Amino acid sequence: MRSIIIILSFFALGVTTALLVDLSLVLNSGNLSTWMLYLLIFTAGLSIGVDDSFSKLFRNISIPFIIFPFIVLLGSILGSVVVSMIMPQYSLSDWLAVGSGMGYYSLSSVLILEARGQELGTIALLSNLIREIITLLCAPFIVKYISPLAPIASGGATSMDTTLPVVVQFSGKEYAMLSIYSGMMLTLLVPIMVSLFL
Amino acid sequence: MWVVLILFIAGIAVGRLLSTLKLKTGWVDRLLFYVVLIFLWVLGAQAGSDEAIINNFGTLGLSASIIAIAATAGSIILVRIFLHRKSLKSNH
């Protein structure tokens, strides 16, 4: 929860700075957001690469285990299709790109910002942060009333790091491996899926 | 968007290399954290400089909440339908 507060306060700090000082010259000089995207995506790849746990995960291989993250992704895609039908102000591909962010707010929002502009980029950032917050706050309830797998599905790409503690606490330690594997697979899939839909 | 995927894969490859050569990697997660913080500030500053965003912040927040809830619910429901918890436990 602490990291969510830090994240929201940095975003709010940026908004406040812009409201107080005219930053348009700084922000429009060069391609700031493009370079931010490149730096962010390279660093994100680097952090996945240095993590040794990924190769170890494939030891307890089973078909349900392997397909789990793909079912999670498919569920979010279907959810986004439903939203596109009730909220036609954005196109189906817009909603699909936002909905397949899987809680990976930084990467998905910067990709969407680059391709579709400020408005959809802001929606992507907020919606992926909200997904993480929903997971953190609702984990005990969805474990009790739905399934111990629910918070892993809900966490999406975040189930390997920021929402892993609530999975371990409320679903149980026996689901930690699945949670890490699913989060990692989705982290790899997010940039691919989001770019595909844009 | 090809540049993005290439940079992502290049990052993973460099990361694997660092790890294989047993070089120090503790700084990577710290670097990522600071990059994300700067990025969030820039994103906030861009949103704050955009009058259309500021005037419609409530509407954007509502859209964000709806898509977040729908995507999350979709994932939970599909997993509930297709996957059984017993086959997904691990002992280590």
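The values are calculated or read from the model by the stated rules, or taken from the named source; none is laboratory data. A quick note: this is a predicted structure, and the numbers were derived from the prediction, not measured. Quick reminder, even Gly has a Cβ in these numbers, built from the backbone with ideal geometry, and neighbours come from all protein chains shown. All accessible areas refer to the heavy atoms of the entire protein, side chains included, with ligands and DNA or RNA removed. Shrake-Rupley method; radii C 1.70, N 1.55, O 1.52, S 1.80 Å.
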So in region B:12-35, with the set limited to residues that are modelled with pLDDT under 85, under 12 Å from A:Thr43 (Cβ atoms) and open to solvent by 50 Å² or more (accessible area, probe 1.4 Å), which one is nearest to the other protein chains (Cβ to nearest Cβ)? B:Asp29
Looking at A:Gly117, A:Gly79, A:Gly103, which is the one that is among the small types (Gly, Ala, Ser) and at the interface with another protein chain (Cβ under 7 Å from one of its Cβ atoms)? A:Gly79
Within region B:23-40, which residues are closer than 15 Å to A:Gln118 by Cβ and in contact with a Gly (Cβ under 8 Å, 6 or more places away or on another chain)? B:Leu40
Would you check which residues across region A:160-173 are touching a residue at least 40 places away in the same chain (Cβ under 8 Å) and open to solvent by less than 10 Å² (accessible area, probe 1.4 Å) and list them? A:Thr163
Scanning region A:100-123 for residues that are under 21 Å from A:Met184 (Cβ atoms) and in contact (Cβ under 8 Å) with a residue 24 or more places away in the chain gives A:Ser100, A:Gly101, A:Met102, A:Gly103, A:Tyr104, A:Tyr105, A:Ser106, A:Leu107, A:Ser108, A:Val110, A:Leu111
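Going through B:Ala52, B:Ala47, B:Ala70 one at a time, which residue ends up being among the hydrophobic types (A, V, I, L, M, F, W, C), open to solvent by less than 90 Å² (accessible area, probe 1.4 Å) and at pLDDT 95 or above?
B:Ala70
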Can you name the condition, by its number, that A:Leu107 falls short on among (1) more than 23 Å from B:Leu37 (Cβ to Cβ); (2) buried (at least 24 other Cβ atoms within 10 Å of the Cβ); (3) hydrophobic (A, V, I, L, M, F, W, C)? (1)
Do we find that B:Gly61 is within 11 Å of A:Thr43 (Cβ to Cβ) and either out of contact with any strand residue (DSSP E or B) (no Cβ under 7 Å at 6 or more places or on another chain) or outside any loop (DSSP other than H, G, I, E, B) (or both) in this structure? no
With the condition being at pLDDT below 90, I'd like the helices (runs of 4 or more DSSP H) fully within region A:80-165 carrying at least 3 qualifying residues. A:105-116, A:118-145
Criterion (facing chain A (nearest Cβ under 7 Å) and either of a type outside the set (A, V, I, L, M, F, W, C) or part of a helix (DSSP H, G or I) (or both)) met by exactly one of B:Ile81, B:Ile38, B:Ile53: B:Ile53
